[in-house]
Each structure stands twice: as structure tokens, then as C-alpha cells.
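For reference, the structure is listed below as C-alpha cells.
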Amino acid sequence: MPEMEDRLERCAEVCGALRERIAERIVGNRDVVELVLTALLAGGHALLEGVPGIGKTMMVRVLSEALDARFTRIQFTPDLMPADVTGTMVLFQTSGQGEREFRFREGPVFCNVLLADEINRATPKTQAAMLEAMEERQVTADGKSRPLPDPFFVLATQNPLEMEGTYPLPEAQLDRFLYKILVPTPSREELGEIIALSTAREESSRPPVASSTEIASFAALAHDVVVTAEVRDRIARLVLATHPDREEAPDLVRRFVRYGASPRAALAITMGIKARALMQGRTFAKRTDIPGLFKHALRHRIALNFEGEAEGLTTDRILDDVLAAIPLR
């Protein structure tokens with residue numbers, strides 16, 4: 001199919017251009033950039049976690065500038081209200097005779113790319129205001145549902161939960177994120193490059209590399225990528241192995257996990273390997289794509305029990321054990 005081949009070639013071209021544009025402003029973190037692009041093409045949302053000042057916000061801003069899309073940033077703070085995110089009904093005067101009516105004023109969530117900066121600094125009530133928007137791509141106010149633009153992509157940043165002034169994200173909202181991506185501290189060499197880049201003269205703005213409509217078409221194209229029954233079964237086995245009551249669960253899961261990953265975890269892996277196939281110009285997904293997405297799709301979807309927390313285990317350590325117990329042969 002020549003049309004399909006052309007679209008695959010264009011998708012790979014756009015992804016390459018996005019990588020180059022981000023690399024011009026962001027030093028290192030190539031795996032993080034790849035995961036963000038994967039989430040974008042998979043039609044999901046991504047949560048970036050790392051200490052302040054390591055470039056999480058800058059990465060999102062550079063990506064939005066490279067896309068011809070409506071971009072909004074919300075700085076989450078403890079006094080932010082749900083209506084500040086979704087919008088609210090406002091009383092407008094409709095004529096010179098003093099007639100008035102309530103109309104809906106859209107909040108910043110009505111955009112294509114939303115940067116939810118330091119999302120875990122807002123109260124749980126405000127965090128919950130994002131649930132409907134992230135899952136159903138709509139906002140309901142005054143009994144009426146209003147669709148969000150297509151595409152709608154949330155990139156949220158958060159500081160580690162042990163830092164002062166943060167509120168843990170509810171499990172229901174964490175589950176809405178396709179991936180939770182840990183952003184590492186730069187190495188000595190990377191830090192030197194960051195210093196040189198940040199203190200140099202800024203380049204003038206450049207034209208975007210793709211439109212929001214084109215990105216939406218790529219996300220739709222991802223659904224046509226073939227995932228064989230064997231690959232689907234492998235994903236299902238891996239996800240079920242995170243449940244302590246399952247026969248295939250390894251010893252660490254049985255001892256230290258309170259509850260395992262939801263079905264959304266399997267969907268996150270599946271859509272991710274579909275997106276990775278598109279980025280590489282393939283019409284089919286490979287099982288070898290699974291390990292690169294497994295921990296990012298599940299680390300925020302399983303919970304340790306008290307004994308696991310007391311032992312100082314991390315969900316990543318548990319997931320490494322799951323991968324080792326169920327090899328992708």
C-alpha cells in the first residue's frame with residue numbers, strides 16, 4: 001500500500017525532526033525524549049518525575065514549540081482551584097437592556113499540549129479535576145459535556161514525593177498516565193554542555209516541524225499497527241505476574257506487592273509498541289519492544305505492601321524480577 005508507506009515514512013521523518021529539535025536545547029535524556037514521543041503517538045499522557053532544575057519543563061516547552069499546536073502551561077500550586085483548570089460558568093451581559101446569561105468560560109485545559117507543571121503541589125481536589133479531561137477528552141460543567149481539542153496531550157512534571165509541600169497523586173489519576181518517566185540528574189559531561197548551552201545567545205524561533213492535525217493522524221495510524229496474538233499473550237502474562245495471587249507471580253511479588261497493575265498497564269504497553277513501530281517505519285510491533293516500555297508503563301500502577309516499604313524496595317526492583325521470571329523468548 002503506497003499510501004501507508006508514505007505515511008509511515010512521513011511519521012518517521014517527523015519523529016526524527018522532533019528529536020533533533022529537542023536535542024538542540026536539551027542535553028542528554030535521549031531515552032526520556034523517546035518515551036515522550038512514544039506517549040504522544042500512542043495517544044496517551046506522560047508523567048515526568050525528577051528533582052527541580054533538571055530540564056523537565058524546558059523539554060516540554062521545546063516539544064510544544066516544535067509542534068504547530070495550541071500550548072498551555074498550568075503552574076500547580078496549593079491554592080489552585082479545579083475551576084482554574086477546567087473552566088467555569090460566568091455571568092455575561094448580553095444586551096444594553098441589562099439582560100444577562102451564564103456562559104461557560106473555557107479553562108487552560110482546552111488546548112492540544114498541556115504542561116501540568118509540578119502537578120503534585122496542588123491539592124488532591126484540584127488534581128482530581130484532571131481525571132475526566134485525561135481519560136475522556138472532555139470537560140463537564142453545568143450538566144453539559146464539552147469536548148477537548150484533538151489531539152489532547154498532557155505532560156505533567158512532579159518532584160519526588162518526599163520533598164516538602166507535595167501531595168501524592170491519587171491512584172486513579174496515576175492510572176491515567178500512560179507512562180511515568182524518571183528524569184535522571186545529568187552527568188558531569190552533560191552538565192558542562194548544559195552550562196555552555198544555557199549561557200549562549202538564544203537562537204531565533206524556528207517554524208514547527210508538524211501540525212497538530214498531522215500528529216493526530218499519526219496517533220490514529222498507530223491503531224492500524226499489527227500486534228500478533230503471541231505478543232499480546234506475552235504482555236498479558238507480564239502484567240498478570242504483578243498480581244501476588246497469580247500463579248505466574250515471582251517470589252518478590254508474592255511477598256511485597258499489595259496489588260498489581262490494572263488492565264490499563266497492558267494497553268499502555270500495547271499502544272507503546274505500536275507507536276514505536278510507527279517511529280521506526282514498521283507496520284507491525286515486535287516483542288523485543290516490550291522491555292523498553294515495561295517499567296515505565298507499570299511503575300506507577302503497582303503498590304508495595306508494608307513489608308516491601310519497610311525493606312526499602314522500589315517498584316522498579318519488583319518489575320525487574322517480573323521481567324526476569326517471564327523472559328521474552
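Descriptive notes on the structure:
- Applying the condition of being aliphatic (A, V, I, L, M) and out of contact with any Leu (no Cβ under 9 Å at 6 or more places or on another chain) to region 208-234 and asking which residue is surrounded by the fewest Cβ atoms within 10 Å (Cβ to Cβ) yields Ala229.
- Within region 287-316, being crowded, with 16+ Cβ neighbours inside 10 Å and of a type in the set (D, E, K, R) holds for Arg287, Asp289, Lys295, Arg299, Arg301.
- Selected residue (only one of Arg264, Arg255 is part of a helix (DSSP H, G or I), closer than 20 Å to Leu178 by Cα and either at pLDDT 95 or above or not small (Gly, Ala, Ser) (or both)): Arg264
- Being buried (at least 20 other Cβ atoms within 10 Å of the Cβ), under 15 Å from the mean Cα position of the chain (by Cα) and not in a helix (DSSP H, G or I) is not true of Leu41.
- Ala66 vs. criteria in contact with a helix residue (DSSP H, G or I) (Cβ under 7 Å, 6 or more places away or on another chain) and either assigned by TED's automatic domain parsing to the domain that holds Thr185 or loosely packed, with under 15 Cβ neighbours inside 10 Å (or both): yes
The values are calculated or read from the model by the stated rules, or taken from the named source; none is laboratory data. Everything quoted here is computed from the prediction, not taken from an experiment. Glycine also receives a Cβ, built like all others from the backbone with ideal geometry; neighbour counts cover every protein chain displayed.
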